[in-house]
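The values are calculated or read from the model by the stated rules, or taken from the named source; none is laboratory data. Bear in mind that the values here come from a model prediction, so they are computed numbers and not experimental data. When we count neighbours, we look across all protein chains shown, and the Cβ atoms used for this are built from the backbone with ideal geometry, even at glycine.
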């Protein structure tokens, strides 16, 4: 096992990339620490699979380096990198039994038969494939097949990292949760470095210790689920994480006072006089409906989502969402909102800016 | 649920019934009719019962042709299937080269059968043909119109040239349908080239290969035009396959009765062998599925 370091890594699928837009993955510098679980989160086409394939060696980067530990593996083949990968669709060798599938990577590496047998038995037990060892792989359900491809990766005891490329896409919803839980416990038990690509925020936030959010080929924020939720570094993170996403309201800022429509709000922090397109961002969870006290709104509709009700309303020509706890009644004279000043983020040209007296704000990149 | 039962919809099937009746059923029944009768011309027919069938089953000529036919189909399957797979594996996967390759591969399939025969007839002529002349200049005695072995070699080479593309194109389609992830997984597992073929490509080609084998078997079992143009069934009867023999009997000798019996038996044999092929392959597939 080893840490994975990306040094000025960038990739373009074009032969002679010039401008920024030619790059499917724009320059990134980061070290994935040994033994931690990461998620790569972003919408389809944001470059997360490209990044994953650069790490696994299925792609060679246009420039930059990939290091496993201290060793430069940029030019090494996939097999030499000693990584395991679980793909979007279950990749199993149909004509083999489950047992033969698990033994395959070891046999290809000419391991001794007794070692292979012992290893296969152990991994099968860990992942819960014992009962199916003698079955042909082709007739199995897709969650079992996905377990086989995971097991095939873990059967080597020297894997540097396990990469997952949206591994639960074809799994039935009720099995997703079980597999995810199992992945977490496998990670706790064996401490492999795991990198998990997904476009599903629930998957990313529940699986990973650190989430890497990507947008249009760029890594926009790396942080814990809590950081992503409370202090998104980019308006995209605010919008993408959370359901519904962050509310954005165009404002003007002067020091700790912002102007919104014909009202002013006092903030907890001093932002100076930033120039650029300014937006106030606040999560629906931190907007409170009140009776007449605060900013005037017009309610458009109310949606019941179980634990919360979501109120869609218009505030100075901008649509916002407000989360109301299930217990609270929404009354007819609730026509104003209060914003929790502590939870307000200010974005300048889509990037979050820090106020002066701010405590810790981490992970912002430009 | 008071559904009105209305059987008039059956009338809508009439056009297709008429079409099928005139194109297959009626001609087929005429043949059945001929096979039980004898004629001396003048449109006079005499009932002979199973006489023609009995005669044919004891005819050495028919059994010889049948044996040659089986041997021919067996040899071309043995060559064309592995060769087709090999060609498909080595074809470029994308881009301009792939398109060019596909067009070139399809060319032999688009040439009319009798032209294929003519091409090879000229190609193999020892006096002017590129192949025949080259071979004789090299000191190899080769004459497909006099030597039975040469005739067979030429007919087989011609069929391989004509039809391997079909197997290759089918396999190519099967190969293209394999998602890239399989190859990537194999790379990660350090699988050898042979393993990739054996455990990824071959299983995924199984379906199309079945179709290829079935098509090539049926077609080669009924082959007529190309060997007829090339060798006319000779030298002697060396390349007289079943259908060539049948045409000789029906049109050359105008033995309508025996020829009719012959064609019915021919038809049944093809039907039977294809059915056996199909059942064996399907059940092998199901066994795989079950175990």
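Laid out as a table, the results:
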quantity	calculated
Residues being closer than 26 Å to residue B:190 by Cβ and part of a loop (DSSP other than H, G, I, E, B) - total across segment A:28-62	7
Extreme residue, modelled with the highest pLDDT, among residues of segment B:49-70 that are loosely packed, with under 12 Cβ neighbours inside 10 Å and under 17 Å from residue B:260 (Cβ atoms)	B:50
Hits in segment B:142-151 - residues which are surrounded by fewer than 23 Cβ atoms within 10 Å (Cβ to Cβ) and in contact with a helix residue (DSSP H, G or I) (Cβ under 8 Å, 6 or more places away or on another chain)	B:142, B:143, B:145
All positions within segment B:176-200 that are touching a helix residue (DSSP H, G or I) at 6+ places or on another chain (Cβ under 6 Å) and part of a helix (DSSP H, G or I)	B:182, B:186, B:187, B:188, B:196, B:200
In segment B:200-230, the residues that are away from chain A (no Cβ under 14 Å), surrounded by fewer than 17 Cβ atoms within 10 Å (Cβ to Cβ) and more than 26 Å from residue B:151 (Cα to Cα)	B:211
Any hit, segment B:241-259, residues being under 14 Å from residue B:65 (Cα atoms), outside any helix (DSSP H, G or I) and within 14 Å of the chain's Cα centre (by Cα)	yes
Test: residue in segment B:188-199 that is at the interface with another protein chain (Cβ under 9 Å from one of its Cβ atoms), within 31 Å of the chain's Cα centre (by Cα) and free of Cβ contacts under 8 Å to residues at least 24 places away in the same chain	yes
Residue that is nearest to the other protein chains (Cβ to nearest Cβ) [pool: residues in segment A:104-123 that are surrounded by 15 or more Cβ atoms within 10 Å (Cβ to Cβ) and more than 16 Å from residue A:91 (Cα to Cα)]	A:108
Residue among A:223, A:238, A:261 that alone is touching a strand residue (DSSP E or B) at 6+ places or on another chain (Cβ under 9 Å) and in the same structural domain as residue A:31 (by TED's automatic domain parsing)	A:223
Candidate set from segment A:316-336 (those that are more than 14 Å from residue A:246 (Cα to Cα) and touching a strand residue (DSSP E or B) at 6+ places or on another chain (Cβ under 7 Å)); member that is modelled with the lowest pLDDT	A:326
Any hit, segment B:66-82, residues being in contact with a strand residue (DSSP E or B) (Cβ under 9 Å, 6 or more places away or on another chain) and part of a helix (DSSP H, G or I)	no
Odd one out for residue A:157 among (1) in a helix (DSSP H, G or I); (2) more than 9 Å from every other protein chain (Cβ to nearest Cβ); (3) at pLDDT below 85; (4) within 32 Å of the chain's Cα centre (by Cα)	(1)
Of all residues making up segment A:245-258, the number that are assigned to a loop (DSSP other than H, G, I, E, B), modelled with pLDDT under 85 and in contact with a strand residue (DSSP E or B) (Cβ under 7 Å, 6 or more places away or on another chain)	2
Residue B:168 being within 14 Å of chain A (Cβ to nearest Cβ), crowded, with 18+ Cβ neighbours inside 10 Å and either within 20 Å of the chain's Cα centre (by Cα) or at pLDDT below 90 (or both)	no
Residue B:126 vs. criteria surrounded by 12 or more Cβ atoms within 10 Å (Cβ to Cβ), outside any helix (DSSP H, G or I) and either in contact with a strand residue (DSSP E or B) (Cβ under 6 Å, 6 or more places away or on another chain) or on the phi < 0 side of the Ramachandran plot (or both)	yes
Condition broken by residue A:200, with the remaining ones in (1) under 12 Å from the mean Cα position of the chain (by Cα); (2) more than 28 Å from residue A:341 (Cα to Cα); (3) crowded, with 17+ Cβ neighbours inside 10 Å satisfied	(3)
Per-region count, segment B:89-103, residues farther than 17 Å from residue B:183 by Cβ and surrounded by fewer than 11 Cβ atoms within 10 Å (Cβ to Cβ)	3
Subset tally (residues that are facing another protein chain (nearest Cβ under 7 Å) and over 27 Å from the mean Cα position of the chain (by Cα)) for segment A:72-103	4
Checking residue A:126 against (1) assigned to a helix (DSSP H, G or I); (2) modelled with pLDDT of 85 or more; (3) surrounded by fewer than 22 Cβ atoms within 10 Å (Cβ to Cβ); (4) more than 11 Å from chain B (Cβ to nearest Cβ), the condition it does not meet	(2)
Residue A:75 assigned to a loop (DSSP other than H, G, I, E, B) and modelled with pLDDT under 85	yes
Selection count, segment A:13-59, where residues are in contact with a helix residue (DSSP H, G or I) (Cβ under 6 Å, 6 or more places away or on another chain) and over 21 Å from residue A:72 (Cβ atoms)	7
Cross-chain or 6+ apart pairs with Cβ under 7 Å, segment A:129-153 first and within 11 Å of chain B (Cβ to nearest Cβ), then surrounded by fewer than 16 Cβ atoms within 10 Å (Cβ to Cβ) and outside any helix (DSSP H, G or I)	A:136/B:291
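Conditions (1) modelled with pLDDT of 85 or more; (2) assigned to a helix (DSSP H, G or I); (3) crowded, with 21+ Cβ neighbours inside 10 Å, marked per residue:
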position: A:211; (1), (2), (3): yes, no, yes
position: A:221; (1), (2), (3): yes, no, yes
position: A:226; (1), (2), (3): yes, yes, no
position: A:239; (1), (2), (3): yes, yes, no
position: A:243; (1), (2), (3): no, no, no
position: A:268; (1), (2), (3): no, no, no
position: A:276; (1), (2), (3): no, no, no
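Yes/no per residue for (1) without any contact (Cβ under 8 Å) to a residue 40 or more places away in the chain; (2) within 14 Å of chain A (Cβ to nearest Cβ):
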{"position": "B:124", "(1), (2)": "no, no"}
{"position": "B:138", "(1), (2)": "yes, no"}
{"position": "B:149", "(1), (2)": "yes, no"}
{"position": "B:156", "(1), (2)": "no, no"}
{"position": "B:178", "(1), (2)": "yes, yes"}
{"position": "B:184", "(1), (2)": "yes, yes"}
